[in-house]
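Shown next, in structure tokens, is the structure this report addresses.
The values are calculated or read from the model by the stated rules, or taken from the named source; none is laboratory data. Keep in mind the model is a prediction, meaning the values are calculated, not measured. When the accessible area is computed, the model is the full protein with side chains, heavy atoms only, and any ligands, DNA or RNA have been set aside. Shrake-Rupley method; radii C 1.70, N 1.55, O 1.52, S 1.80 Å.
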Amino acid sequence: YFLTHPIRLGGHGHVVQIDDSVFSHKVKYHRGRGSASPIWVFGMVDTQYSPAIGYMEIVPSRDAATLLPIIARIVRPGSIIHSDQWRAYVNIQRDLGFIHRTVNHSRHFVDPQTGVHTQAIESYWNRQKQRFKKMGGCQRKNLGSYLTQFMWLERNRAATFENFCKIISEKYNFI
């Protein structure tokens, strides 16, 4: 689906929030083994929707050489990007031409002067991770498929039942 309908977020004057998050098993109460290598996922959300809709991709590293091409591919020109002050994001404005505003998370969750925050992407991560908790986790090799499924469902959930009914009525000639 996403090969024929590539994801594009933002647009002129719209805010896109970006962030990364680790998706790995956490050891609780010193029981079991933790992950030897964390799985990092880079994501972005378009805040013109409520709840925000987004894009996620597993990344091998969190450096500018990896993340900036993803931003350039997904975010529409004219968008305003909000992020934390991760060093890989420093040259977004210079290299990609987006307006880039940041919040210093060591001081504030919402910048008191500019109002910049990353709460929508944090909420997006929470929704995804809650889904994995309900599932009891997933195998590392399947994480990408589950992320893609989540992105598809958030865009098509409302039409899923209608499409299902349409398929059934066409197959069995219901009115």
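Using a Gaussian network model of the chain with C-alpha springs under 10 Å, which one of Met151, Met135, Met56 is most mobile by mean-square fluctuation?
Ranking Met151, Met135, Met56 by mean-square fluctuation puts Met135 first.
What is the helix-to-structure angle for 64-74, meaning the angle in degrees between its Cα long axis and the longest Cα principal axis of the chain, kept from 0 to 90 and rounded to the nearest 10?
50 degrees
For Asp19, Asp63, what's the largest-to-smallest order of accessible area, 1.4 Å probe?
Result of the area sort, largest leading: Asp63, Asp19.
Among the aspartates and glutamates, select those whose C-alpha is under 16 Å from the C-alpha of Lys141, and discard any that sit fewer than 8 residues away in the same chain.
Within the straight-line limit of under 16 Å, Lys141 reaches these aspartates and glutamates: Glu57.
Can you sort Lys129, Lys134 by 1.4 Å-probe accessible area, starting with the largest?
Correct descending sequence by accessible area is Lys134, Lys129.
Can you show me the helix-derived [θ] at 222 nm for the chain, built from DSSP H runs with n ≥ 4 at -39,500 (n - 2.57) apiece and divided by the number of residues, rounded to the nearest 500.
Computed mean residue ellipticity for the chain: -11500 deg cm²/dmol.
Given the protein chains as shown and a 1.4 Å probe, how many square angstrom of Thr4 are accessible, to the nearest 10?
Taking all protein chains as shown, Thr4 has close to 110 Å².
What is the helix-to-structure angle for 119-135, meaning the angle in degrees between its Cα long axis and the longest Cα principal axis of the chain, kept from 0 to 90 and rounded to the nearest 10?
The angle comes out at about 50 degrees.
Connecting C-alpha atoms closer than 10 Å in a GNM of the chain, tell me which of Thr148, Thr102, Thr114 has the biggest fluctuation.
Comparing Thr148, Thr102, Thr114 in the GNM, the peak value goes to Thr114.
For segment 1-140, which whole percent of the accessible surface, found with a 1.4 angstrom probe, sits on carbon and sulfur atoms?
53 percent
So what is the accessible area of segment 50-175 per residue, in Å², with the probe set to 1.4 Å?
For segment 50-175, the solvent-accessible area averages 65 Å² per residue.
Whole number please: convex hull volume per residue, Cα atoms of the chain, in Å³.
Measuring per residue, one finds 165 Å³ for the Cα hull of the chain.
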